[in-house]
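J.: I have a structure here, written as structure tokens, and I will follow up with some questions on it.
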Amino acid sequence: MPQTATQSLPELAGAGENAALALLARLGIACHTRAHPPLHTVEESRALRGEIAGGHTKNLFLKDKAGSLFLVTAEEDSPLDLKAMDKIIGAKGRLSFATAEQLFAHLGILPGSVSPLALIHDRAARVRCVIERRLLAHAEINVHPLVNTLTSTVPRDGLLAYIRATGHEPEIHDLPHRAPGAG
């Protein structure tokens, strides 16, 4: 949904979760979705660990020096090394975080709701989808269906099928981790 002069990004939050859940249903991908208080960070989401089984994700929306965009989905505890990741994923130069405006323009979501399910909004396929290989060891993966007040548990193969159905080919990599104690 394009932003109008009278709408702010917060007012548009949640303007697409129905589309993501509808696509999962159309693809025949069974998922279980739970409502909860807003979760903005991995740390905040840890409180739900006793209630929600499966692999939990960390999602980063990144850009490289050439302006290419990357949605990186990793296991929540992975201490990703952004300084070494560019070479692994084929980025041109150093990676940095994209802006909230870029996130909304390309994926139609707000910070705190980043998820591979948001690829449904990237109709131009400008965003490359990168998934950490170790996350795929889980039979079920938990993602936000475009809002941070819901968590959907999706079968691993179903998540990959969903991503492909949005016109994106998931790039699966062993992502680099920071050394223990490194900031």
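Since every read-out is calculated from the coordinates, none of them should be taken as a lab result. Here the structure is a predicted model, which means the values were calculated and not measured. So basically every Cβ, Gly included, is an ideal-geometry build from the backbone, and we count neighbours across all protein chains shown.
J.: Tell me, yes or no, whether region 62-69 has at least one residue that is touching a residue at least 40 places away in the same chain (Cβ under 8 Å), touching a Gly at 6+ places or on another chain (Cβ under 7 Å) and surrounded by 17 or more Cβ atoms within 10 Å (Cβ to Cβ). Write out each step before concluding.
T.: Within region 62-69, the subset touching a residue at least 40 places away in the same chain (Cβ under 8 Å) is 68-69.
Those left that are additionally touching a Gly at 6+ places or on another chain (Cβ under 7 Å): none.
Taking every residue of region 62-69 in turn, none turns out to be touching a residue at least 40 places away in the same chain (Cβ under 8 Å), touching a Gly at 6+ places or on another chain (Cβ under 7 Å) and surrounded by 17 or more Cβ atoms within 10 Å (Cβ to Cβ).
J.: Moving on to the next point. Could you run through region 153-183 and say how many residues are surrounded by 15 or more Cβ atoms within 10 Å (Cβ to Cβ) and over 16 Å from Ala74 (Cα atoms)?
T.: 6
J.: What's the number of the condition Leu136 fails, among (1) more than 30 Å from Ala66 (Cβ to Cβ); (2) over 10 Å from the mean Cα position of the chain (by Cα)?
T.: (1)
J.: Of everything in region 79-133 that's of a type in the set (Lys, Arg) and under 20 Å from Ala20 (Cβ atoms), which residue is surrounded by the most Cβ atoms within 10 Å (Cβ to Cβ)? Walk me through how you get there before you give the answer.
T.: Filtering region 79-133 for residues of a type in the set (Lys, Arg) gives 83, 87, 92, 94, 123, 126, 128, 133.
This time we only want the ones that are under 20 Å from Ala20 (Cβ atoms), so: 123, 126, 128.
Values: Arg123: 11, Arg126: 14, Arg128: 20.
Among those residues, the one meeting the criterion is Arg128.
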